[in-house]
1. Considering only residues that are within 20 Å of A60 (Cα to Cα) and part of a helix (DSSP H, G or I), which ones fall in segment 18-33?
2. Could you tell me which residue of segment 34-62 is surrounded by the most Cβ atoms within 10 Å (Cβ to Cβ), considering only residues that are in a loop (DSSP other than H, G, I, E, B) and at pLDDT 85 or above?
3. What are the pairs, 6+ residues apart or on separate chains, where a residue within segment 63-80 that is more than 13 Å from L10 (Cβ to Cβ) and surrounded by 11 or more Cβ atoms within 10 Å (Cβ to Cβ) has its Cβ under 9 Å from a residue that is aromatic (F, W, Y) and at pLDDT below 65?
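The values are calculated or read from the model by the stated rules, or taken from the named source; none is laboratory data. Here the structure is a predicted model, which means the values were calculated and not measured. Reconstructed Cβ throughout: ideal geometry from the backbone, glycine too, with neighbour counts over all protein chains shown.
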Amino acid sequence: MIMLQRVINLLKNVNIKIRPYVVCLMLTPGKKNCSEMARTVGISEKKLYAFLSKAKDNSAEIEKHLIEFAKTTQDSGRLF
């Protein structure tokens, strides 16, 4: 429950247009392909694919939020 609340809190700062993609990336443990991500979060593959097909329009917003998220969660003592 604590992890779910943390995800919800992080998503408050993410643009509503890219939330489905961010949620799918965060919650899918295996491959990050359209069918696996849709199955994990319980949404239609067609709906997720339609969103991803518009990724060119949203790519700058997606990159900005994912980079910001990575910076806030990185372990400063480790190099990747």
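1. If the condition is that a residue be within 20 Å of A60 (Cα to Cα) and part of a helix (DSSP H, G or I), then R19, P20, Y21, V22, V23, C24, L25, M26 are the ones that fit.
2. Just the residues of segment 34-62 that are in a loop (DSSP other than H, G, I, E, B), to begin with: 42-44, 54.
Adding the requirement that they be at pLDDT 85 or above leaves 42-44.
Details: G42: 6, I43: 15, S44: 9.
Looking at the filtered set, the residue picked out is I43.
3. Q74/F80
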